[in-house]
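Asker: Handing you a structure now.
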Amino acid sequence: MKLLKPIQEFIDELVTANLSEERKTVLQPLIDYINSKKKEDKPIQLNFICTHNSRRSHLAQIWAQTVAEYFGIKNITCYSGGTEATAVYPMVVETLENTGFEISKEGDNKNPIYSIKYALEKSPIIAFSKKYDDEANPAAGFAAIMTCSQADEGCPFVAGSEKRISIMYEDPKISDGTPQQQKVYTARSEQIAIEMKFVFSQIIS
């Protein structure tokens, strides 16, 4: 078992059979991109982009990296960024912890850095809010995956990207401060996890 046990078990139980044909069509360009890089034996770099790099883009980055490990996909690194930097929203961290990720926080400034452990022998994912062209992200040879319509519309050109893919998710921010907040964040995290499981289940070995 490569992943932390609770995460392994969580992904084991995710059901992809109920994905709609519409969502499969949305995900297909990402599948095609990853497969094309694998066929060429080139590094796979995925940069998930949203407006504030605070919720959806981080969930997508973390689940993509984790599920890639689950399926044993090698030579892949997932990143995230925004059209502006803010901070990782605390409920995102709480939601991931509830799923089994081991997370430590470094610093108490307005934009703390989180170390997110998902596998036994892999370096943790380092998460903090940043612009998509931050030095922590690739400058070239990556796919820009737009996870929200605002970023997709407000960022028509992503410098250095060789492929632009739109995979939109509803913003869980709509639930902030309501009794439904935890339920909504959990549902969005699970949706992204299921869709990443479907994507990586379609990758050639």
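The values are calculated or read from the model by the stated rules, or taken from the named source; none is laboratory data. If you're wondering where the values come from, they're calculated on a predicted model, not measured in any experiment. For neighbour counting, all protein chains shown are included, and Cβ atoms are generated from backbone atoms with ideal geometry for every residue, glycine included. All accessible areas refer to the heavy atoms of the entire protein, side chains included, with ligands and DNA or RNA removed. Shrake-Rupley method; radii C 1.70, N 1.55, O 1.52, S 1.80 Å.
Asker: Do you know which residues across the stretch 1-17 are assigned to a loop (DSSP other than H, G, I, E, B) and open to solvent by 60 Å² or more (accessible area, probe 1.4 Å)?
Answerer: Answer for the stretch 1-17, where residues must be assigned to a loop (DSSP other than H, G, I, E, B) and open to solvent by 60 Å² or more (accessible area, probe 1.4 Å): Met1, Lys2, Glu13, Val15, Ala17.
Asker: Mind checking which pairs have a first residue in the stretch 103-121 that is hydrophobic (A, V, I, L, M, F, W, C) and a second that is at pLDDT 95 or above and part of a loop (DSSP other than H, G, I, E, B), Cβ under 6 Å, 6 or more apart or different chains?
Answerer: Short answer, once both residue conditions are applied: Ile113/Phe128; Ile116/Phe101; Ile116/Pro124.
One line per residue, one yes/no per condition, for (1) open to solvent by less than 10 Å² (accessible area, probe 1.4 Å); (2) in contact with a Leu (Cβ under 8 Å, 6 or more places away or on another chain); (3) more than 21 Å from Ile203 (Cα to Cα):
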position: Asp32; (1), (2), (3): no, no, no
position: Asn35; (1), (2), (3): no, no, no
position: Lys38; (1), (2), (3): no, no, no
position: Lys42; (1), (2), (3): no, no, no
position: Gln45; (1), (2), (3): no, no, no
position: His52; (1), (2), (3): no, no, yes
position: Ser57; (1), (2), (3): yes, no, yes
position: Ala60; (1), (2), (3): yes, no, no
position: Gln65; (1), (2), (3): no, no, no
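Asker: Any chance the stretch 180-198 includes a residue that's open to solvent by 20 Å² or more (accessible area, probe 1.4 Å), part of a loop (DSSP other than H, G, I, E, B) and closer than 19 Å to Glu22 by Cα?
Answerer: Checked against the condition, which is being open to solvent by 20 Å² or more (accessible area, probe 1.4 Å), part of a loop (DSSP other than H, G, I, E, B) and closer than 19 Å to Glu22 by Cα, the stretch 180-198 yields no hits at all.
Asker: May I pose another question? Just to verify a result, which residue in the stretch 128-145, among those that are in a strand (DSSP E or B) and open to solvent by less than 10 Å² (accessible area, probe 1.4 Å), is farthest from Thr186 (Cα to Cα)?
Answerer: Filtering first and then ranking leaves Phe142.
Asker: Among Leu59, Leu30, which is the only one that is farther than 23 Å from Met91 by Cβ and touching a strand residue (DSSP E or B) at 6+ places or on another chain (Cβ under 9 Å)?
Answerer: Leu30
Asker: Limited to the stretch 76-113, what total is found for residues that are open to solvent by 20 Å² or more (accessible area, probe 1.4 Å), out of contact with any Asp or Glu (no Cβ under 6 Å at 6 or more places or on another chain), in a strand (DSSP E or B) and not acidic (Asp, Glu)?
Answerer: Of the residues in the stretch 76-113, 4 are open to solvent by 20 Å² or more (accessible area, probe 1.4 Å), out of contact with any Asp or Glu (no Cβ under 6 Å at 6 or more places or on another chain), in a strand (DSSP E or B) and not acidic (Asp, Glu).
Asker: Here's something else I'd like to know. Tell me whether the stretch 147-158 contains one or more residues that are modelled with pLDDT of 95 or more, of a type outside the set (Asp, Glu) and surrounded by 13 or more Cβ atoms within 10 Å (Cβ to Cβ).
Answerer: Looking through the stretch 147-158, none of the residues is modelled with pLDDT of 95 or more, of a type outside the set (Asp, Glu) and surrounded by 13 or more Cβ atoms within 10 Å (Cβ to Cβ).
Asker: Can you tell me which residue among Ile116, Ile73, Ile125 is aliphatic (A, V, I, L, M), within 13 Å of the chain's Cα centre (by Cα), within 23 Å of Lys42 (Cα to Cα) and open to solvent by less than 60 Å² (accessible area, probe 1.4 Å)?
Answerer: It is Ile125.
Asker: Follow-up. Taking His58 as the residue in question, decide whether it is in contact (Cβ under 8 Å) with a residue 12 or more places away in the chain, part of a loop (DSSP other than H, G, I, E, B), of a type outside the set (S, T, N, Q) and within 21 Å of Thr147 (Cα to Cα).
Answerer: no
Asker: Suppose the filter is closer than 30 Å to Val15 by Cβ and not aromatic (Phe, Trp, Tyr); does Ile126 pass it?
Answerer: no
Asker: Let me ask something else. Restricting attention to the stretch 155-179, report how many residues are hydrophobic (A, V, I, L, M, F, W, C) and not in a loop (DSSP other than H, G, I, E, B).
Answerer: 2
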